[in-house]
Amino acid sequence: MPDATDRDRGRLEIMCDPIVEVLRGSNAREIETVRWFTQQTRFPLIKGLALAANYLSNGLLYVVIGVVFRMSYGATGAVGAAATAMVLGHMLYPVIKRRYCRRRPFEFDPSVPSLLRPLDDYSIPSGHVMSCVAALTPLCIAVPAILPWAISTLLIVGWARMGAGHHYPSDLIAGAILGLLAALPIVAVQIGFG
């Protein structure tokens, strides 16, 4: 079991990580963008839409998408691939969050409101965006015609996460990259057995 010195050494290693330093520097550069998004939620309709998108993208959205996709296209393999990619992403993203410990925008700047309680402690990568990309990539590969709808869904989820004051733009990009990295091996298997 690590003693206090080992834990402190681990914290020092993280603090010396060049990526952590880049993220700290980008907080100040990105906070204005986040502030603009959160200011839009002062309007009741916008706030309601942001809250709905945030709650739905906690998980229910992907169940509904999977059921509708299966009923519409009958592509059970694609739905299974989407679920598998999401599971893989959710195995990876907590490790990254704990590694980089990036504070959320509302914690970095008290003038940025938080619309709701976050599901976890850190901001990078966005698990919501990761889930969206991981789920929708196999479905788009199976039925390319849904790509415009998938991109719209991704943009709404990203907008809602910044509107909630929970993520910087770079968190969304990192979440999308991680979602894609989780989905691509699953898609390769899907295509290989498809």
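Tell me, what are the semi-axes, in whole angstrom and largest first, of the equivalent ellipsoid of segment 42-103 as set by the roots of 5 times the Cα gyration tensor eigenvalues?
Values: eigenvalues 135, 105, 6 Å².
That gives 26, 23, 5 Å for the three semi-axes.
Phi angles across segment 140-150 convert, under the Karplus curve 6.51 cos²θ - 1.76 cosθ + 1.60 with θ = phi - 60°, into 3J(HN,Hα) values of 5, 5, 6, 9, x, 4, 8, 3, x, 5, 5 Hz, Gly and Pro given as x. Full extension of the chain between Thr76 and Met91 yields a length gain of 3.1 nm, computed as 0.36 nm times the residue separation minus the alpha carbon distance.
Rounded to whole numbers, the Karplus 3J(HN,Hα) couplings from phi for segment 177-182 are 5, 5, x, 5, 5, 6 Hz, using 6.51 cos²θ - 1.76 cosθ + 1.60 with θ = phi - 60°, and x at Gly and Pro.
Give me the percent of Cα-Cα pairs in segment 24-76 that sit more than 19 Å apart, rounded to a whole number. Tail of P(r) above 19 Å: 54 percent of Cα pairs.
Express in nm, to one decimal, how much length is gained between Asp120 and Trp149 on full extension, taking 0.36 nm for each residue of separation and deducting their alpha carbon distance. Spell out each step's value before the answer.
Working: separation 29, 0.36 × 29 = 10.44 nm, distance 2.82 nm.
Taking Asp120 through Trp149 to full extension adds about 7.6 nm, to one decimal.
Taking only protein heavy atoms into account and a 1.4 Å probe, give the accessible area per residue of the chain in Å². Working shown, then result.
Working: 10410 Å² over 194 residues.
Result: 54 Å² of accessible area for each residue.
For the peptides 138-148, 90-100, the ranking by mean Cβ contacts within 10 Å, running from highest to lowest, is 138-148, 90-100. For the chain, taking Cα atoms only, Rg and Dmax work out to 17.9, 57 Å respectively.
Reducing segment 161-194 and segment 109-132 to their Cα centroids gives an inter-centroid distance of 16 Å.
Considering Cα pairs under 8 angstrom that are at least six residues apart, work out the relative contact order of the chain and quote it in whole percent. Display every interim value, and only then the final one.
Numbers: 247 pairs, mean separation 60.5, N = 194.
Once normalised by length, the contact order is 31 percent.
In the chain, the DSSP-assigned H stretches of four residues or longer account for a calculated mean residue ellipticity at 222 nm of -26000 deg cm²/dmol, using -39500 (n - 2.57) per stretch and the full residue count as denominator. Between Leu60 and Glu32, residue separation times 0.36 nm minus the direct Cα-Cα distance comes to 7.0 nm. Taking Rh as the Kirkwood radius computed over C-alpha pairs, what is the Stokes-Einstein D of segment 99-169 at 20 °C in a medium of viscosity 1.002 mPa s, expressed in µm² per second? The Stokes-Einstein estimate is 163 µm²/s.
Between helix 76-100 and the chain there is an angle of about 10 degrees, using the helix long axis and the longest principal axis of the Cα atoms.
The values are calculated or read from the model by the stated rules, or taken from the named source; none is laboratory data. What you are looking at is a predicted structure, and each value in this text was computed from that prediction instead of being measured. Every residue, glycine among them, receives a Cβ derived from its backbone with ideal geometry; neighbour counts consider all protein chains shown. Just the protein is used for accessible areas: all its heavy atoms, side chains included, with ligands, DNA and RNA removed. Shrake-Rupley method; radii C 1.70, N 1.55, O 1.52, S 1.80 Å.
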